[in-house]
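J.: Provided herewith is a single structure, encoded as structure tokens, for subsequent inquiry.
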Amino acid sequence: MLKTINPATGTEMKEIEEVSLSSTARIYQQAEQAQKDWQGKSVSERLAYFQSLRLLMASKLDQLSTIIHADTGKPKAEALATDIMPVIDYIQHIEKTAEASLNRQSQSTPVLFWGKKSYIEYMARGTVLIISPWNYPLQLSLIPVLSALAGGNAVVLKPSEVTPLTGRLIELLFKESRFPDQIVQVAQGGKELGEALIKEKPDYIFFTGSVKTGKIIQEQAARDLIPTTLELGGKDPMIVFEDANLERAAKAAVWGAFTNSGQVCMSTERVYVQRSVYQTFVRKVQELTMNLKQGTSIHDDLGSMTFPKQIQIVKEQVEDALNKGAVLAAGDAPENWDNDSMFIKPMVLLNVNQEMDIMKEETFGPVMPIMPFDREEEAIELANGTSYGLNASVWSGDMEKAERVVASLVTGNAAINDVMLTVMNPNLPFGGAKNSGIGRYHGEQGLRIFCHEKSVMTDSGKRNTEIQWFPYKGKYKPFKTLFQTMFGRNKNWKAAGQAYREIMKASK
Ligand code: ADP
């Protein structure tokens, strides 16, 4: 049984039944059965189910936000705007784009293969295993689940054991919107269950979570050559130049660092501010941070932390920084934290440097370290100076400069004069560079990764032979002429045609 406790209130809620480790083979057999029919449906037939799910979700926003709040401790407004809305929007996006992305794509054929036709076809891989985390338990489960379903796959979803209520909610949503039985199976359990599900050799693994677990999963998948997408952590930099709108930048930094109590892979984890505006920026951020409201009502800005283990990580990083000379400009030092509460006051840290864990390792908590810089090149070097590369933001009134800086950042995502934005646009591929992950989802490829991409060329079958087939006798010289006159400096279509006819003659 998985215990469910509202982290914000400490209230114990119903227990959720775990799937036994011995039932994993049966889960995949059921998935395989269900997938046969599902794959047989056209993309547009599948999309009818998607529409039912979207309408159902849009009619139950209160219930959804209440459950997510109870499971994670995040404010209901945040659950609504950043976990539920992106899913509904994504369903609508799939409804609009899946046919164009997944139906057969005609391609042009090189002139050398004159008379032939080429196309790409997308075929379901089979059963996709999706392992998801606790910070956005709805979005980070449902978006990959729905993307895999659109392509004709069956899905086994293992939600995080930290947020099982949302896992149960997902199961009920699929049931109520009348998706075929077993096409999505929600397997509740811990990491042992995740391991056992991987051992059954799913046809694809989509994982969102920590770098440490991502590496373990990639190793296991490599043994059986199971393709994967890994969506891992981030240490996202924000670069604020002196010509930026500081009012807006300070507000964005506070939201970017503290939304979901900083438990966001794309959150603003470190801020670099040009020295001439550093003091002004810090003052603005300090004031905004002190005015944030923490609690459980619908008017509060910050909820609680979700996972007790995460509080320990935040604590260690903040202690390390303070021991090395950092200064708290807002929030409490860890020795003053209430050990019985899951709430941590948002912190602003100054006097930090790149050697501190708080500037190198993912914190996943409500901490904003701020550091001054002088030159553009220095800011780029600092921003690129970690092992992560998920997201970044650049702030300047000079768009040319902002775009130049973005072009130099090793990152999967970036925003100019905004934070975290790209993940909310379903047309844009999402994923990380370096330790932040492998692969992309969302956008066209977000649907195609769950399919075998099959390249096909066709010939009418009327000609008896092809120029590259045996025999080779008498072909070497005209081949050379053909390729030189087609691809070389002095193109000569007449000579190419003559060489082609010579090869055809030698082919008879
Ligand atoms: P966290 O420790 O913050 O929960 P993880 O990356 O460990 O982050 O967990 C993300 C998801 O991965 C969860 O659903 C968890 O149960 C699952 N998980 C953890 N370890 C493994 C593993 N070795 N194999 C498969 N799944 C795992």
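The values are calculated or read from the model by the stated rules, or taken from the named source; none is laboratory data. These figures come from a predicted structure and were not determined experimentally. So basically every Cβ, Gly included, is an ideal-geometry build from the backbone, and we count neighbours across all protein chains shown. The accessibility values were calculated without ligands, DNA or RNA, using every heavy atom of the protein model including side chains. Shrake-Rupley method; radii C 1.70, N 1.55, O 1.52, S 1.80 Å.
J.: Go from 0 up to the bin containing the longest alpha carbon distance in segment 466-507, width 5 Å each, and give me the % of pairs per bin.
T.: Taking every Cα pair in segment 466-507, the percentages come to 6, 29, 32, 19, 11, 3.
J.: Might you report the magnitude of the Cβ-based charge dipole of segment 236-425 about its Cα centre, with Lys and Arg at +1 and Asp and Glu at -1, to the nearest 20 debye?
T.: With only Lys, Arg, Asp and Glu charged at Cβ, the dipole is about 280 debye.
J.: Moving on to the next point. Could you tell me which trypsin sites (Lys or Arg not before Pro) in segment 270-323 are loop residues by DSSP with no more than 15 other beta carbons within 10 angstrom of their beta carbon?
T.: Answer by residue number: Lys293.
J.: Here's a follow-up. Could the peptides 359-369, 166-176, 317-327 be put in order, highest first, of the mean number of other beta-carbon atoms found within 10 Å of their residues?
T.: Ranking the peptides 359-369, 166-176, 317-327 by packing returns 359-369, 166-176, 317-327.
J.: Charges at C-beta only: +1 for Lys and Arg, -1 for Asp and Glu. How large is the resulting dipole of the chain about its Cα centre, in Debye rounded to 20?
T.: About 3540 debye.
J.: OK, next. Over the chain, what lengths in whole Å, largest first, do the semi-axes of the equivalent ellipsoid take, defined as the square roots of 5 times the eigenvalues of the alpha-carbon gyration tensor?
T.: 47, 32, 19
J.: Work out the charge dipole of the chain with +1 on the Cβ of Lys and Arg and -1 on the Cβ of Asp and Glu about the Cα centre, then indicate which of Thr24, Pro471, Leu302 is farthest towards its positive end.
T.: Farthest towards the positive end: Pro471.
J.: Taking only protein heavy atoms and a 1.4 Å probe, what accessible area per residue, in Å², does segment 1-149 have with all protein chains in place?
T.: About 44 Å² of surface per residue is accessible.
J.: Right, another one. Report the charge-dipole magnitude of segment 248-344 in Debye, nearest 20, computed about the Cα centre from +1 at each Lys and Arg Cβ and -1 at each Asp and Glu Cβ.
T.: 580
J.: Could you state the angle between the C-alpha long axis of helix 476-487 and the longest principal axis of the C-alpha atoms of the chain, as a value from 0 to 90 degrees rounded to the nearest 10?
T.: Approximately 50 degrees, to the nearest 10.
J.: For segment 451-508, what's the relative contact order in percent, using C-alpha pairs closer than 8 Å and at least 6 residues apart?
T.: 40
J.: Just going by the charge dipole of the chain, with Lys and Arg at +1 and Asp and Glu at -1 on Cβ, which of Gly488, Trp134, Gly437 is farthest out on the positive end?
T.: Going by the charge dipole, the pick is Gly488.
J.: Right, another one. What accessible area per residue, rounded to a whole number of Å², is obtained for segment 466-507 using a probe radius of 1.4 Å?
T.: In whole numbers, segment 466-507 has 80 Å² accessible per residue.
J.: Mind checking which of Ala407, Trp114, Gly331 is farthest towards the positive end of the chain's charge dipole, using Cβ charges of +1 (Lys, Arg) and -1 (Asp, Glu) about the Cα centre?
T.: In the chain, that residue is Trp114.
J.: Could you tell me what percent of the accessible area of the chain is made up of carbon and sulfur, with a 1.4 Å probe and every protein chain present?
T.: So the carbon and sulfur contribution to the accessible surface is 51 percent.
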